[in-house]
Number of protein chains: 2
Amino acid sequence: MSNFIQKERAQTSINIDKINAFLDPNHEKTEKLFREIVNDPILSTPKNFYDLTKAQQRELSARKIERLSAYIDNEDFDEFEERMVLLSIADPAVATRLAINIHLFGNAIKGNGTDDQIKYWLYERGTLKLRDIYGCFAMTELGHGSNVAQMQTRATYNPDRQTFTINTPDLKATKWWIGGAAHSSNHAVVYARLISKGEDYGVKPFVVQLRDKNFNLLPGVSIGDIGSKMGREAIDNGWIQFHNVEIPREYLLQKFTKIDADGTVHLTPLEQLSYSALLQGRVTMVLDSFRQGARFITISLRYAIGRQQFGTPQEENQIINYSLHQYRLVPYLALVYLLGPASQRVIADYNRILGELYAGKDIKKTIFDLKNLFVSSASLKSSNTWLTSQLIDESRQACGGHGYHAYSGLGRGFVDWSVQQTWEGDNNVLAINAGRSIIKYYQAGQKGAKLGVDFLYLTQKFDKNLKSDDLKSLIDIWSVLIIKVAQHALLIYNGDWESVSQERLLLSKAHSHRYLLETFYNRLQSGDVSGEEKTVLKSIYQLYSYYFIDKFAGSFLQFDVLDSSRLTHIQAEIKRILGDLRPHLVGLTDAFKYPDEIINSSLGGYNGDFYNNYFTDVTNNNGKGDKAPYLSILTDTLTRASKDELLSNSRSKSTLSKLGE
Amino acid sequence: MSNFIQKERAQTSINIDKINAFLDPNHEKTEKLFREIVNDPILSTPKNFYDLTKAQQRELSARKIERLSAYIDNEDFDEFEERMVLLSIADPAVATRLAINIHLFGNAIKGNGTDDQIKYWLYERGTLKLRDIYGCFAMTELGHGSNVAQMQTRATYNPDRQTFTINTPDLKATKWWIGGAAHSSNHAVVYARLISKGEDYGVKPFVVQLRDKNFNLLPGVSIGDIGSKMGREAIDNGWIQFHNVEIPREYLLQKFTKIDADGTVHLTPLEQLSYSALLQGRVTMVLDSFRQGARFITISLRYAIGRQQFGTPQEENQIINYSLHQYRLVPYLALVYLLGPASQRVIADYNRILGELYAGKDIKKTIFDLKNLFVSSASLKSSNTWLTSQLIDESRQACGGHGYHAYSGLGRGFVDWSVQQTWEGDNNVLAINAGRSIIKYYQAGQKGAKLGVDFLYLTQKFDKNLKSDDLKSLIDIWSVLIIKVAQHALLIYNGDWESVSQERLLLSKAHSHRYLLETFYNRLQSGDVSGEEKTVLKSIYQLYSYYFIDKFAGSFLQFDVLDSSRLTHIQAEIKRILGDLRPHLVGLTDAFKYPDEIINSSLGGYNGDFYNNYFTDVTNNNGKGDKAPYLSILTDTLTRASKDELLSNSRSKSTLSKLGE
């Protein structure tokens, strides 16, 4: 059978090294780390990865973490973090399980602890080197997630003993979903209400030891495994209840809140900064959207190029040649391409702003920047985790029946991904918060306030005729939509933000689209790429803008940013660009340079020989000709005695005649 | 803590019995069967259902089938089928595993066999009573799914021995995805190319025995388990290869194709009818959309009513009171309500038309009706399995973090559901086929041809001013959109149907919306319901139409069916109706009358006490305080020796000085 992928690869005219360098400025490091991961006997993904039970997944992830501890002894923290990100493409659960300790636990201490506390808990004890302490992050309760201020766990100060007593007052206050709590953690940062002298000072973070050196639970600590989940089964999420667990006064993380020996509490107005470090999860999810999106779109596009169906019996058509199939997949490829630079931008912003925060120089400017980052990252996290979920689902459907097979990787991909829409800020909550801020920024901008760089566009003036052939107008058209929706929202706003929640959601999504377009446009203009590669990347940029204009056509038309004829023109342009991009699709997926072990799909291998790969994987993992372990149930059913016999003929005519008169 | 569900239930003013009777005319039978299922010790869902491994799921489903064999000995086939449908709400995989035998295998024989063949294979041997034969349906191959005509398995006739030799010519021709093949089936209907006297007569169905009485594979039959899937792990899908497997001439199913002893083949022009019986799967999926949709929207709405978040600390707001939350869920409740009557209509059509087909009276009319049913069912199956998938995903997200827990039922619900978009007609393929037919019907109607009842609207004239307060106009507005899109498609059609595939997709979706609205409208007019219940059902009907108009606003505006101000009005109407429906949401979900064992969700129980239910389920299934079975990996990591010690100090200064100069 013909191997279309190799054939098209041989004919590719674009230089994938150049494209790869455009997408990933860090590409040399990335290639080095990929090589180390896929050649490591424990870190590489085993062939039976998709067949493992929950218990097996958990053991394997513990083994991978043990293996990573050997790497962390030999490298700096930045490289280790990069290794985790790349490892997480093929195995997101293990990266989460580790991030619970070094990011969530670690950042809670970095963001809330004094310098001495950071030094002790993270460095002296060895936490960040995976020694001694394995921490977890005990914030969420059974009854409260998004509404952090309403957590009900209590930390009551005892001035006589200079201790806090941690208590779970009722079932709803049970700490829930706590990653690592079920098995791996011996310490936690617990978010609890600080009560001193009868006064409730709100929710503060405390370090609480959960288990002793032998991993026996400390007295008063009650923990259980929360059990099975939709995905990421390798993570040992647990619940925790505290019954009079006493911790020293010094275990309160005291950067923003201090308590004297007598129980006098000192709060600082900068407490709003205490959650800043948690932004890392949110911005990382934008990067995850890029990294995971690239993996899954590669699978579905390679399959679409290699798979034939219909057409003539002599030469069936490759399914990617069907225009609907192109329309279903290629815009998501464009999404992934735009997410590359956008994720790098938001992470660079995060690193710069948090660096300034820890340096503590211009605190007013830092707070201003942080607030902007909160808004942009909320919009980007929510919009792009949603879109990536759609990308995976569409990729799965585009692989037809085989997409439903575990070895396509797409089913597991979907269920593992789904939590991204919910954790570290529920997408809808984040999006409507971002949308409200955008409306407020717009209002402030109108009154002459200076806006952050991500929101400057809210005060710009735009040409009335946004020309379709002008690359910059493909950003501006979104700016105009956002401004008009913000104006409309203010018009129908009835004093309750609830009255404009749908408009807020729309604004958040549109802001993300605009952000991705602007970032990509600037990168295109920067001279990082030229020639045919630049032409192709321009087409990707155009496709992205046009495709999402079409998706949001209702709003564009309703708010008169476009008219119908322009929309019809845009729809035709989409078809044209899809045709232009068609010959480059192999190159554009190869350009991600993901090793097969990272793609981990029987359908998406580099060699394009997916029928053989798939059959080999299926037979290697499942054997041939085995009988069911429960065979007797099947045979007993099919060979069971007749109904009369089974009932001992007790309803037969002859019996009934004996029982009658 | 307050139990809002019970409180709101006590205040419900609508009569749920009346609503239930409206939704399900067969409700007395349904209630009887539900009672039998949930009280049966084997058929009811075990508490640890979501924790079972693939191996355990398969054994449990075999046990359930064994148990069902006791029922089938005592009831007629219609009641048994109804039992399967209701059982499948909580456990879709077991119903599929059974349907493979009695529907797919059974219908292939009913649709293609002579009367004698039907009598022998299905009745005399006992197949439909789950005796002796367990059949599977071997159509799909590794290389071909939707394109049935290109299946490559061969059945070559040997006139000397009056037999066929079945062969799998290459890897791509391996039968794949065959449900029941891995373990449970001893016979198959195999679709293979009939070759006689060197001529290829195309793909025909043959009965082939796969396993002997002891379930050993017959010579030449090679079978394996295809392994793990995204969902429905209880089904033992397998692959089959045939190597010179000889079957008697009589095993060809000969209703439409006959072969003489000498190998002369007789085809009939009515062969197009041979796939009619397979429509059962497709129309059943519309019913599944109703039945499963009701289950999942009940979970998310009960949770939304019971869960509080934000608002004031004294009394946090129920999350259903947030307008965005209503907008996310209540339209899907409306979808489920409209799917009730629509699914009953399409199933009634199917039963009537297939009845007429088997009776064989007016074959020309039957073919006309069948063709219309193919189109409507393709549109309904694709649109509503997509929408139900969105319903489940939105429900999962609307339950926040707890929605991601296995015991919410929503994760399993999603993965089990996902195959519905793909099997028995890939949704995109079905939808664009339906869309093409709609364009052709429109064209034919313009030329005066008589259209089927589902498509009469294509020739109607509509008032230019579709008034929003007129219930009937909420159907007509969709008719107008469909006609305008069909006109537009004909305008841009370039001779290749590919050029209008997106328009065809849109037409298919719009046809389904119109069909649901029309059916519900007629039911509302029929006098089946009155009073406050009718008022509420009218609101549901309006919400459905308005919500999807807003979702398709781009098309409605582009094709000038609406203008912006009317759209703005409709958006305001949606908010108003959501408010009107708010007090009735408990009643509207209770009205499905699903027992808790069918809902099978820690979050969606009738008593509304979901925190306690959830905690109890978690601790019962997962214990408390257990250490990890792999504890030593964790402790070995945290207590490992220092890097220097691990490397035997071989890189220490003192060692290096020994090794140096």
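The values are calculated or read from the model by the stated rules, or taken from the named source; none is laboratory data. None of these values were measured; they are calculated from a predicted model. Methodologically, a virtual Cβ is constructed for each residue, glycine included, from the backbone with ideal geometry; neighbour enumeration extends over all protein chains shown.
Here's the yes/no breakdown for (1) at pLDDT below 95; (2) within 30 Å of A:Trp177 (Cα to Cα):
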position: A:Phe22; (1), (2): no, no
position: A:Arg35; (1), (2): no, no
position: A:Glu66; (1), (2): no, yes
position: A:Phe77; (1), (2): yes, yes
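Within the range A:557-568, is even one residue within 14 Å of chain B (Cβ to nearest Cβ) and under 25 Å from A:Ile299 (Cβ atoms)? The answer is no; no qualifying residue exists.
Taking the criterion of being among the small types (Gly, Ala, Ser), crowded, with 23+ Cβ neighbours inside 10 Å and at the interface with chain B (Cβ under 10 Å from one of its Cβ atoms), the only residue of the range A:118-152 that qualifies is A:Gly145. Put simply, of B:Ser648, B:Ser654 the only residue that is more than 32 Å from the chain's Cα centre (by Cα), on the phi > 0 side of the Ramachandran plot and among the small types (Gly, Ala, Ser) is B:Ser648. Residue-level analysis places A:Gly400 among those that are under 18 Å from A:Ile297 (Cβ atoms) and of a type outside the set (S, T, N, Q). What do you reckon, is A:Gly231 in contact with a helix residue (DSSP H, G or I) (Cβ under 8 Å, 6 or more places away or on another chain), in a strand (DSSP E or B) and at pLDDT 95 or above? No.
Please find, within the range B:607-634, the residue that is farthest from the other protein chains (Cβ to nearest Cβ) out of those that are in contact with a Lys or Arg (Cβ under 8 Å, 6 or more places away or on another chain) and either farther than 30 Å from B:Asp590 by Cβ or not polar (S, T, N, Q) (or both). Talk me through it step by step, then tell me what you get.
Going residue by residue through the range B:607-634, those that are in contact with a Lys or Arg (Cβ under 8 Å, 6 or more places away or on another chain) are B:608, B:610-611, B:617, B:620-621, B:628, B:630, B:633.
Going one step further and asking which of them are either farther than 30 Å from B:Asp590 by Cβ or not polar (S, T, N, Q) (or both), we end up with B:608, B:610-611, B:617, B:628, B:630, B:633.
On the way: B:Gly608: 14, B:Phe610: 10, B:Tyr611: 6, B:Asp617: 8, B:Ala628: 4, B:Tyr630: 4, B:Ile633: 4 Å.
Top of the filtered list is B:Gly608.
Check whether at least one residue in the range B:344-352 is polar (S, T, N, Q) and in contact with a His (Cβ under 8 Å, 6 or more places away or on another chain), and report yes or no. No, the range B:344-352 contains no residue that is polar (S, T, N, Q) and in contact with a His (Cβ under 8 Å, 6 or more places away or on another chain). For the range A:306-314, the criterion of being assigned to a helix (DSSP H, G or I), within 14 Å of chain B (Cβ to nearest Cβ) and either surrounded by 20 or more Cβ atoms within 10 Å (Cβ to Cβ) or modelled with pLDDT under 90 (or both) is met by at least one residue. For residues in the range A:489-525 being in a helix (DSSP H, G or I) and polar (S, T, N, Q), which is farthest from B:His325 (Cα to Cα)? The qualifying residue farthest from B:His325 (Cα to Cα) is A:Gln525. A count restricted to the range A:413-450 and to residues that are in contact (Cβ under 8 Å) with a residue 24 or more places away in the chain and more than 8 Å from every other protein chain (Cβ to nearest Cβ) stands at 19. Just wondering, is there one or more residues in the range A:83-102 that are acidic (Asp, Glu) and within 21 Å of the chain's Cα centre (by Cα)? Yes, that holds for at least one residue. Scanning the range A:139-172 for residues that are hydroxyl-bearing (Ser, Thr, Tyr), out of contact with any Pro (no Cβ under 7 Å at 6 or more places or on another chain) and farther than 18 Å from B:His402 by Cα gives A:Thr153, A:Thr156, A:Tyr157, A:Thr165, A:Thr168. Kindly check whether there is at least one residue in the range A:168-188 that is at the interface with chain B (Cβ under 10 Å from one of its Cβ atoms) and assigned to a helix (DSSP H, G or I). Checked the range A:168-188: at least one residue is at the interface with chain B (Cβ under 10 Å from one of its Cβ atoms) and assigned to a helix (DSSP H, G or I).
Evaluation of A:Trp478 against the conditions (1) closer than 18 Å to B:Asp550 by Cβ; (2) in contact with a His (Cβ under 8 Å, 6 or more places away or on another chain) shows that the sole unmet condition is (1).
If you filter the range B:635-651 down to residues that are among the basic types (Lys, Arg) and within 8 Å of chain A (Cβ to nearest Cβ), you find that the one that is surrounded by the most Cβ atoms within 10 Å (Cβ to Cβ) is B:Arg640.
Of all residues in the range A:452-474, those being part of a helix (DSSP H, G or I) and within 23 Å of A:Arg436 (Cβ to Cβ) number 7. Pull up the range B:1-59, narrow it to residues that are acidic (Asp, Glu) and crowded, with 19+ Cβ neighbours inside 10 Å, then point me to the one that is farthest from the other protein chains (Cβ to nearest Cβ). Looking at the filtered set, the residue picked out is B:Asp24. Note on the range B:544-661: enclosed helices (runs of 4 or more DSSP H) holding 1 or more residues that are closer than 21 Å to B:Tyr322 by Cβ are B:564-581, B:585-590, B:610-622.
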